[in-house]
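The values are calculated or read from the model by the stated rules, or taken from the named source; none is laboratory data. No experiment lies behind these values; they were computed from the predicted model shown. No Cβ is skipped: glycine too gets one built from the backbone with ideal geometry, and neighbour counts run over all protein chains shown. Note: areas computed on protein heavy atoms with side chains; ligands, DNA, RNA excluded. Shrake-Rupley method; radii C 1.70, N 1.55, O 1.52, S 1.80 Å.
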Amino acid sequence: MVLYKACIMPKSAFSSPLQSDTFFGSFCWSYRYLYGESGLEKLLHKSVDEKPQIIFSNAYPENYLPLPMGVYDTERQPFNMAEMAEAKKIYQQNKKYKKCTLIHKDAFKKIQNGERKGYSQFLNDEQIVQVNSVHNMVGRADGTVGSTEGSGSLFVMNGFYTNKFEVFDVYILSVLDKDIIWKVLLLMSELGIGAGKSSGKGHFEPISINEETELATCHNANGYMAISNFIPAASDPSDGWYKTFVKYGKLDREYATGQFPFKKPLLYIQSGAVFKTSQPKPWYGSCITNAAAVNGVVINACTVALQMHIPG
């Protein structure tokens, strides 16, 4: 499997966060339109029975990655300061960094190789603005907004906007040829990804895709960091630092208008999780095949894994 880095530029707001499983679902639909249903079934069967054919990371602002969990800047720990005044100053400054979830790629390379000193200045927050908009629910039976009681049914939709960064990086680990991935990405950009595509949400412009060699390996690797949201397989490492969240997914395209448009709730591990293992692999996680009432739905709950050296 080859690790690629694709650069994309958002052209609209997004109704869904730019997460790994959202990219995978959109990729599968676009792959089906280009190579037929039999081509997609072949790809999914290989992903389930052998190994994932393609794994996406979450999208991150250009040249940034998630801050590894369980990593602390040894230069900025108050208990290391001899003077109380200096310790108080560092403590106040550290509060500013608590909301930061991203770290520059150059600083991550140092952390990846085991350095834990002086990286705080390279932290950043996500700069994603969430805006809520209120809509009326339209009844499928009569096409009106009135309910049986004569009142409208209001609901809120989330919109995600980029506040600062114009270009985002998406890491792709795949056995597919780069030209095939690029062709599918172009169609994904035209069709849109995530919710709200029919109202102009979820569109982006692919800029480039290149093989990523700088982050693929590190010296004395004894662990990894996940850069996708994922669901571990039973054999995956469990010793590490991580956070979990529940995702309530929804089916796409014609499945979204069926009788059962929702996926089952799934418990994911959040990107940025760090796990110890003596022989880290390029990917971890599992493909879920029974997460919806509709047959044939596959959720790629795997993660791209970046090797790390975790000091003792």
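Quick check: is even one residue across region 190-198 in contact with a His (Cβ under 9 Å, 6 or more places away or on another chain), open to solvent by 30 Å² or more (accessible area, probe 1.4 Å) and either assigned to a strand (DSSP E or B) or hydrophobic (A, V, I, L, M, F, W, C) (or both)?
Initial filter on region 190-198 (in contact with a His (Cβ under 9 Å, 6 or more places away or on another chain)): 190-193, 197.
Adding the requirement that they be open to solvent by 30 Å² or more (accessible area, probe 1.4 Å) leaves 190-191, 197.
Narrowing further to those that are either assigned to a strand (DSSP E or B) or hydrophobic (A, V, I, L, M, F, W, C) (or both): 191.
Yes, there is a match, as at least one residue in region 190-198 is in contact with a His (Cβ under 9 Å, 6 or more places away or on another chain), open to solvent by 30 Å² or more (accessible area, probe 1.4 Å) and either assigned to a strand (DSSP E or B) or hydrophobic (A, V, I, L, M, F, W, C) (or both).
Which of the residues belonging to region 54-66 are touching a helix residue (DSSP H, G or I) at 6+ places or on another chain (Cβ under 7 Å) and open to solvent by 20 Å² or more (accessible area, probe 1.4 Å)?
Correct list: ASN63, TYR64.
Is there a residue in region 155-169 that is modelled with pLDDT of 80 or more, within 17 Å of ILE54 (Cβ to Cβ) and open to solvent by 50 Å² or more (accessible area, probe 1.4 Å)?
no
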